[in-house]
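Input: a single structure, listed below in structure tokens.
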Amino acid sequence: MMNWKYITQFDKLEPIDLYNFLKLRQDIFIIEQNCIYDDIDSIDQECEHLMLYENDILVAYSRIVPEKRKFDCTSIGRIVVNRHYRGKGVGRQMIKKVIQIIQERGEKLIKIEAQEYLQNFYESLDFIKISDPYDVDGIKHIAMKLNL
């Protein structure tokens with residue numbers, strides 16, 4: 001059974017959740033993608049954290065970054081899906097849920113910094129490309145926005 005866990009303040013995170021999402025991010029962004037970068041970037045403390053669990057397994061994770069921290073509006077970052085759950089619509093579920101959270105606050109715009117190969121995926125969720133590809137730690141990214 002899948003269940004959502006949404007934490008709005010860093011100091012309310014349970015240690016096991018913090019461990020789980022840092023481990024998942026490391027496993028995918030650093031090890032799987034063979035990219036050495038500063039994942040623990042001192043932004044997590046300012047973010048809200050959305051996790052999707054199946055029993056004790058962290059299936060997917062995303063953080064909501066406050067406006068003016070990365071972009072001029074709220075952004076979504078560190079979107080990651082456990083490799084054992086890919087191709088099952090979990091990423092789409094995660095994005096829709098985080099959009100819903102932001103939209104319920106009355107916000108009108110979300111931006112993301114997406115890996116370029118995921119452009120079609122995000123466009124299928126109504127995001128619009130707003131930059132040319134650029135390099136982030138050896139991986140091509142693009143900026144995208146979603147008007148709510």
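The residues of segment 30-81 that are out of contact with any Cys (no Cβ under 8 Å at 6 or more places or on another chain) and β-branched (Val, Ile, Thr), listed by number, are ILE30, ILE31, ILE36, ILE40, ILE43, ILE57, VAL59, THR74, ILE76, ILE79, VAL80, VAL81.
For segment 1-32, the tally of residues that are within 16 Å of the chain's Cα centre (by Cα), open to solvent by 40 Å² or more (accessible area, probe 1.4 Å) and basic (Lys, Arg) stands at 2.
Quick one: count up the residues across segment 96-148 that are of a type in the set (Val, Ile, Thr) and part of a loop (DSSP other than H, G, I, E, B).
From segment 96-148, those of a type in the set (Val, Ile, Thr) are 98-99, 101-102, 110, 112, 128, 130, 136, 139, 142; that's our starting set.
Next cut, part of a loop (DSSP other than H, G, I, E, B) only: 130.
Matching residues across segment 96-148 total 1.
When segment 7-53 is filtered for residues that are more than 20 Å from ARG69 (Cα to Cα) and of a type in the set (Ser, Thr, Tyr), the ones remaining, listed by number, are TYR19, TYR53.
Out of the residues in segment 123-139 that are farther than 21 Å from LYS23 by Cβ and modelled with pLDDT under 95, state the one that is surrounded by the most Cβ atoms within 10 Å (Cβ to Cβ).
As a first pass, look at segment 123-139 and keep what is farther than 21 Å from LYS23 by Cβ: 123-136, 138.
Narrowing further to those that are modelled with pLDDT under 95: 135-136, 138.
Numbers: ASP135: 9, VAL136: 13, GLY138: 10.
Residue satisfying both the conditions and the ranking: VAL136.
Among the residues of segment 28-53, those that are within 14 Å of HIS84 (Cα to Cα) and in contact with a helix residue (DSSP H, G or I) (Cβ under 8 Å, 6 or more places away or on another chain) comprise ILE28, GLU32, LEU52. Whenever a residue of segment 32-54 is under 17 Å from ASP137 (Cβ atoms), its partners that are among the small types (Gly, Ala, Ser) and loosely packed, with under 13 Cβ neighbours inside 10 Å, lying with C-beta atoms within less than 7 angstrom and at least six residues away or across chains, give the pairs CYS35/GLY138. Residue pairs whose Cβ atoms lie under 8 Å apart, separated by 6 or more positions or on different chains, with the first residue in segment 1-23 and within 19 Å of GLU46 (Cα to Cα) and the second open to solvent by 60 Å² or more (accessible area, probe 1.4 Å), are PHE10/GLN45; PHE10/GLU46; LEU22/ILE40.
Anything in segment 101-122 that is free of Cβ contacts under 8 Å to residues at least 12 places away in the same chain and either within 15 Å of ILE142 (Cα to Cα) or open to solvent by 80 Å² or more (accessible area, probe 1.4 Å) (or both)? List them, or say none.
Within segment 101-122, the subset free of Cβ contacts under 8 Å to residues at least 12 places away in the same chain is 104-106, 118, 120.
Listed by number, the residues that qualify are GLU104, ARG105, LEU118, ASN120.
Cβ separations smaller than 7 Å between residues 6+ apart or across chains give the following pairs from segment 125-139 residues that are within 19 Å of MET94 (Cβ to Cβ) to residues that are open to solvent by less than 90 Å² (accessible area, probe 1.4 Å) and assigned to a strand (DSSP E or B): ASP126/LEU146; PHE127/ILE112; PHE127/MET144; PHE127/LYS145; PHE127/LEU146. Looking at segment 67-77, is at least one residue in contact (Cβ under 8 Å) with a residue 24 or more places away in the chain, open to solvent by 40 Å² or more (accessible area, probe 1.4 Å) and under 26 Å from PRO15 (Cα atoms)? Yes, segment 67-77 contains a residue that is in contact (Cβ under 8 Å) with a residue 24 or more places away in the chain, open to solvent by 40 Å² or more (accessible area, probe 1.4 Å) and under 26 Å from PRO15 (Cα atoms).
The values are calculated or read from the model by the stated rules, or taken from the named source; none is laboratory data. Since we're looking at a predicted model, the values are computed, not measured. Cβ: placed from backbone, ideal geometry, glycine included. Neighbour counts: every protein chain shown. Heads up: the accessible areas ignore ligands, DNA and RNA and are worked out on the full protein's heavy atoms, side chains in. Shrake-Rupley method; radii C 1.70, N 1.55, O 1.52, S 1.80 Å.
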